[in-house]
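Taken together, the values in this text are just the output of simple stated rules run on the coordinates, not laboratory data. Everything quoted here is computed from the prediction, not taken from an experiment. Quick reminder, even Gly has a Cβ in these numbers, built from the backbone with ideal geometry, and neighbours come from all protein chains shown.
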Amino acid sequence: MKTNRIIAVYSCVMMLFLLGPLLAFLPISFSSVSFLSYPLPGYSLQWYEKVLQPTPWMFALKNSLIVGSLSTALATVLGTAAAFGLTRKNFPASGFVLALIVSPMIVPVVVTAVGTYFMFAKLGLVATFSGLVIAHTVLGVPFVVITVSSTLQTFDNRLLQAAYGLGASPIHAFFTIVLPLIANGVIAGAIFAFVTSFDEVVVAIFIGGPQQKTLPRQMFEGIKDNIDPSILAMSAILLLVTILLMVFLGLLRRR
Amino acid sequence: MTIAPILLCAPLLVFLIVFFFAPLAVMLSYSVRNSEVPIVLPNLSKAIATWDGLGLPPASVFSALALDLKSNSDSMALGEAARRLDFEVPGYRALVFKTARRLQADQASTSGRDELTRIDARWANPRYWSALNRATASLTPAFFLAAFDLKMDDLGHITRVEEDRRVYLDTFLRTFQIGGTVTLLCLLLGYPIAFAITVLPRRFAAALTFSVILPFWTSLLVRTSAWIVVLSKDGVVNSFLTRLGVINEPLQLIFNRTGLYIVMVHILLPFMVLPIRSVMQGISPNYMKASASLGAHPFLGFFKVYLPLTLPGVGAGCLMTFIIAIGYYITPALVGGAGDNMISFFIAFHTNSVINWGMAAALGVVLLSAVLLIFGTFGRLLGLSRIVALK
């Protein structure tokens, strides 16, 4: 019983370490003054008002949402098709191909960013919107392939054979039989890809140029130059969105 | 029937080849190629190839250089070439600009050895010519040598660079040391967390799992700014400790190595906990019961039976944590001190600030090789699917 108590106390300490910082900054985002320490002299919503202004915060947020959505769409289509192909029986060298596809997860992001920057400089894609979407698709697509592949492992292949036997074309069978059954996996993969892009800052710094300011870049520069409660207000909003996404993913898994 | 799966995979593979593998190949080529000088000094590059590299080159080489510098009209390209030469011999940049300016102002056509040495006596020094020779070869080891604080001297021997310019070896060592320390701290803190999740009552375990996963999903920058608030001089931790009377002066907890360790451990802990937890959840409690019924003390049972069974999860967690840690850029830049730069900092510095692409590429290739080597050695042992099926 003594061991159990030690485990419980340790768990509480670790929960404090893991969640404490995320809770400790929240009240300061409602501060009436600009310094970042307790006790707070008063409360106000001025920092939330500030981050809801069009520039720079809402502009950066909008850009991040658009880049994130487009790269997610691209990653989901490419990744789902590839995962479906990879999990077919008799796919040649599927282990090797999977290793190629997930390598953007393993290569350090700063290395990917440098290579992409050199390549995009040749192609004229540096500081362009499409360049950023492409680079974020590369980073997000492994998550789609992994999530969809693992969902497909529970997919019963006989359903597909039955569809073929009843005369369905492969494309028709995919959209009416396979896709509805793996939809949860595809949505989960898409969420991973979106979060990857939405939180990405290294590639955005390297290839974004002055034009493509994303929300993480805006936050990075804000923290680096002069951190004020408006960054904490934006952080609080993002934390809320994160919790909602987690709840949504949890519900998806339960279904 | 066999071609369809390949066709489904093809679009993604082509996309990755063009936008991921080709960029890595471009980086690799930049790390060994000499392009700046031959573009600006085409005649010289041709002429110097015939020189045996001993003493001073023949007069034709001098004339070729004078001709190239005189006819140069692209000052930006000349700047890049001058910077490349400065990388070989400090001060070369100024010499190139001075010589080009004087040659272009001087209308007399008696170019060649006399004119160059009259403009600057350094042109009579073989050192500057062997640097030119090295910078015009189509492939160069200079950037890779520099990545290890080495250089090619005028006689073609590999030597260490001057003491005050040795930065990269130390930085690589520091990168691996920070990565190793963070991995070890994550293992020491994370292993008991994973164990607790598997043995605690259901609700308590769910709450603990939630507190591991929430930071995992939260934006890196949100977590970083949260820690800056918590650890700063008048932050939560310092004011709490001061009020308790534990300390009189606030502790320096951030913008130094301590802060870097705290924040990196917080960020990377989930990468350690989640794979260990998934292995632990697959271990039947019957093993421990069996070892106890055979008379083993719980401690002996833990070390002899339980711990070895969890090693695949430990391996996957350590591998992922270490690999992510040594590539870190954002966190050291925001919460580290001046002496805590990791190798990513120099990669970014050479790409975005000083524009020495060859150097950025060589450092990138070294970091990439280290990661692939570690991954190739240990990843094979553990199996790719265990390592990447994290989230």
Between residue B:293 and residue B:98, what is the spin-label point distance in nm, taking each point 7 Å from the Cα along the Cα→C-beta axis? 9.0 nm
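How long are the semi-axes of the equivalent ellipsoid of chain A, defined as square roots of 5 times the Cα gyration tensor eigenvalues? Whole Å, largest first.
Working: eigenvalues 303, 139, 62 Å².
So the equivalent ellipsoid measures 39, 26, 18 Å along its semi-axes.
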Give me the distance between the Cα centres of region A:12-39 and region B:332-356, rounded to whole Å. 29 Å
CD proxy, 222 nm, chain A: helix-only mean residue ellipticity via -39,500 (n - 2.57) per DSSP H run with n ≥ 4, per residue, nearest 500, stands at -24000 deg cm²/dmol
Region B:204-247 to region A:43-119: how many Å between their Cα centroids? 28 Å
If I take R0 = 25 Å and measure r between the Cβ atoms of residue B:160 and residue B:125 in this structure, what FRET efficiency does the formula 1/(1 + (r/R0)^6) give, to the nearest 0.05? 0.65
Distance in nm between residue A:37 and residue A:93 label points, each 7 Å along Cα→Cβ, equals 6.1 nm
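How much length, in nm to one decimal, is gained on full extension between residue A:244 and residue A:179, taken as 0.36 nm per residue of separation minus their Cα-Cα distance? Intermediate values should be presented prior to the final figure.
Numbers: separation 65, 0.36 × 65 = 23.40 nm, distance 2.50 nm.
My answer for the length gained is 20.9 nm.
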Which of the aspartates and glutamates could be linked to residue B:151 by a straight reach, that is with a Cα gap under 15 Å, when you skip same-chain ones fewer than 8 residues away? B:86, B:88, B:162, B:163, B:164
Length gained, residue B:307-residue B:234, 0.36 nm per residue minus C-alpha separation, equals 22.1 nm
Restricting to Cα atoms and excluding each atom paired with itself, what does the Kirkwood estimate give for region A:88-145 in Å? 12.8 Å
Under a straight-distance cross-link criterion of Cα-Cα below 20 Å, which lysines are reachable from residue A:62, leaving out those fewer than 8 residues away in the same chain? A:50, A:213
Placing each pseudo-label 7 Å from Cα in the direction of the beta carbon, residue B:188 and residue B:10 end up separated by a distance in nanometres of 5.5 nm
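Figure the gain on full extension for residue B:176 and residue B:117 (residue separation times 0.36 nm, minus the Cα-Cα span) and round it to one decimal in nm.
Values: separation 59, 0.36 × 59 = 21.24 nm, distance 4.82 nm.
Length gained, residue B:176 through residue B:117: 16.4 nm.
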Region B:36-138: Cα Rg divided by the 2.2 N^0.38 Å rule of thumb: 0.94
Could you list A:122, B:151 so that the one with the fewest beta carbons within 10 Å of its beta carbon is first and the one with the most is last? A:122, B:151
Rounded to the nearest 10 degrees, what's the angle between the helix B:3-16 long axis and the longest principal axis of chain B, both from Cα atoms, 0 to 90? 60 degrees
Rounded tilt (10° steps) of B:357-374 against the dominant C-alpha axis of chain B: 30 degrees
If a paramagnetic tag sat 7 Å from the Cα of residue A:52 along the Cα-Cβ line, which residues of region A:231-255 would have the backbone N under 19 Å from that point? A:231-242
For chain B, take the longest principal axis of its alpha carbons; what is the angle in degrees between that and the long axis of helix B:59-71, to the nearest 10 within 0 to 90? 70 degrees
Would you list, by chain and number, the lysines whose Cα falls below 20 Å from the Cα of residue B:304, excluding same-chain residues fewer than 8 positions away? B:289
When N counts the residues of region B:277-391, how does its alpha-carbon radius of gyration compare numerically with 2.2 N^0.38 Å, as a ratio? 1.55
